[in-house]
Amino acid sequence: MSDKATIGSVVLNRLHRLGVRHIFGIPGDYVLSLYQLIEASPIQHVGTTREDCAGFAADAYARINGIGAVCVTYCVGGLNTVNAIACAYAERSPVVLLTGSPGLSERTRTPYLHHMVRDFSTQRDVFRQMTVAAVTLDDPLTAEREMDHAFAALLRYRRPIYIEIPRDMVHCPLTSGMKPICIEDAPSDPAALEEALGEVRIMLASAKRPAMLVGAEVGRFGLQDDLARLVERLNIPVASTLLGKSIIREDHPLYVGVYGGLIGRDEVQRFINDSDCLLILGSILSDVEDLDATSPLLSEGRTIHATADRVAIKHHRYESIKFQDFVQGLVRSPLPSFSHSERPLPAQALPAQATTDPDAPVTLGGLFRHLDTVLTEKTVVIADVGESLFAAADLHVRHRFEFLSPAYYTSMGFAVPAALGASFADSSLRPIVLVGDGAFQMTGTELASCVRYGQAPIVIILNNRGYSTEREILEGPFNDVHEWQYEKVCDLIGGGLGSRVSTQREFEQSLAAAFADPSQLHLLNVLLSPTDRSPGMVRLARRLGKKLSTDKP
């Protein structure tokens, strides 16, 4: 990167120093100068087929790497990323959206410029609703202060930020040069932190059945090692939310399973609900967990709930304590340790297959039961929405970051572009993509980018000719999806190997061939019955039906 400090070069320098090594996106005339700087920088540009795919790829990259970035052109590019950035905001994924805009000088000459909607600030106004900072770097006197304000917000909240640079400002010189990043973040109130930790000690000291429920924010703030130390020091059982799946190794003797009010196993639900002192760390309360502010679990005063927004102990709220300080304070505090003579809950095997005939039609049960036996510490499961996610909830992951999904925002189309981002974030992990046919039709073109950059995910398409979740809620022809010959997609994109799978034997053979060949991507078109359902989907349908019936006026 040039030593000459300009607005564009300083932004890229900041990104690189914060850990960005790859930036996803599609060029356009309003960002060509930025792309020229990217090419001259240590950051590699990764081109995608669509802007929303660039956003999902950057999101997955951020979940593993700690920060991700996407660079797209004004409005026609930026507004295409809205859904992906919304997902990153909802699930606390620190993504930087870098975009261009018309130059300041041309705005005075021509009021209507291509790509513009309504006025020049429309795109920024849209992203103000789904970022923690949205800045336009249009003044060299304030540009560094503005960008550092944005980066500080990203690091504090672990949510997306928006940085816009008018195209005639990209090469505008900055006088201060490449000075250190100025990140100002107010520390926790020491007295409040000590008071909160004291309350925790008192609650745990009187507890008979303490338990822990952990969520995605633990990973977003890089606190997995602290969590592991805390779990082992307290020696109490721990469950994860669906969004937080793989925050802790699932072969850990104190791990009891996924707690998801709508899809979790009954025994895990009871175990957590019966706790007399529940320590909730970094969990986003959502209807998927079926755990909201009116839940008896929270209203009965037996809960310690810490997130990036606040710390709440029983009915006492602390607004001046940072999440990281609270978790690390728990690790250092003299908290009581509990004893267990055996594993809190027996390890749960996936349900047995209805038939052992290998030439019988493949089913979700047989597919996931076999998949569970072949996962390793070098695979990362990326589950899209629907059966892909609900069936995967029962898989046993054995390493941190081994499971990615949009489990809260639940946007279809996440998984395939996420595989691209995950591969660049950690090249030692091989993505196992679980995606429904409907979701694949939305963003499956990103397999072309995997071929382009030599990535080799294993993509398992659950082809049941429709949207399973919606079919469970309300059956109708509107839930049907036109069937593609998915195994021929590899021929279309010029790389990879596709296979058509209709029996359990064919699935196991195709999966074995895929694992044995890390040199290229493998796509498995798995033909499933439209009525086949995973245990997770059955639990969801049963509990959702009950919930909806009780919610009727």
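Every read-out reported here was derived from the displayed coordinates using simple, explicitly stated rules and does not represent laboratory data. Everything numeric in this text was worked out from a predicted model, so none of it was measured. With ideal geometry, Cβ positions are generated from the backbone for all residues, glycine too; neighbour counts draw on all protein chains shown.
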When a/c reaches 1.5 or more, the comparison of a/b and b/c decides; with that in mind, is region 1-96 rounded, prolate or oblate per its Cα gyration tensor?
oblate
Given only helices, namely DSSP H runs of n ≥ 4 each adding -39500 (n - 2.57), what is the per-residue ellipticity at 222 nm of the chain, to the nearest 500 deg cm²/dmol?
-10500 deg cm²/dmol
In which sequence would 338, 24 go, from the one with the fewest C-beta neighbours within 10 Å to the one with the most?
338, 24
What dipole magnitude, in Debye to the nearest 20, does the chain give about its Cα centre under +1 on Lys/Arg Cβ and -1 on Asp/Glu Cβ?
620
Apply 1/(1 + (r/R0)^6) to the Cβ-Cβ distance of residue 235 and residue 266, taking R0 = 30 Å, and write down the FRET efficiency to the nearest 0.05.
0.75
Is the C-alpha gyration tensor of region 20-174 telling us rounded, prolate or oblate? Criteria: a/c under 1.5 is rounded; beyond that, a/b larger than b/c is prolate, otherwise oblate.
rounded
Between region 71-93 and region 457-493, how far is it from one alpha carbon centroid to the other, in angstrom?
25
Straight-line reach from residue 378: which aspartates and glutamates have a Cα under 16 Å away, not including same-chain ones fewer than 8 places off?
250, 251, 402, 426, 517
Exposure-ranked with fewest Cβ neighbours within 10 Å first, 283, 101 stand as 283, 101
Just to be sure I understand: of the beta bridges DSSP finds with both ends in region 190-332, what percent are antiparallel, rounded to 5?
30
Along the charge dipole of the chain, which of 24, 380, 496 sits closest to the positive end, that is, farthest toward it, with unit charges on the beta carbon of Lys, Arg, Asp and Glu (+1, +1, -1, -1)?
380
DSSP bridge pairs, region 364-539: antiparallel proportion in percent, nearest 5:
5
Give the peptides 483-490, 239-246 in descending order of average Cβ contacts within 10 Å, highest first.
239-246, 483-490
Of all DSSP beta bridges in the chain, what percent run antiparallel (nearest 5)?
15
Of the listed pairs 208/245; 245/488; 245/322; 245/314, which have alpha-carbon separations greater than 29 Å here?
245/488
Prolate/oblate/rounded label for region 386-427 (Cα gyration tensor, a/c 1.5)
oblate
Neighbour-count ranking for 532, 189 (other C-beta within 10 angstrom, fewest to most) reads 189, 532
Note on the chain: contact order normalised by length, alpha-carbon pairs under 8 Å, 6 or more apart, percent, works out to 13
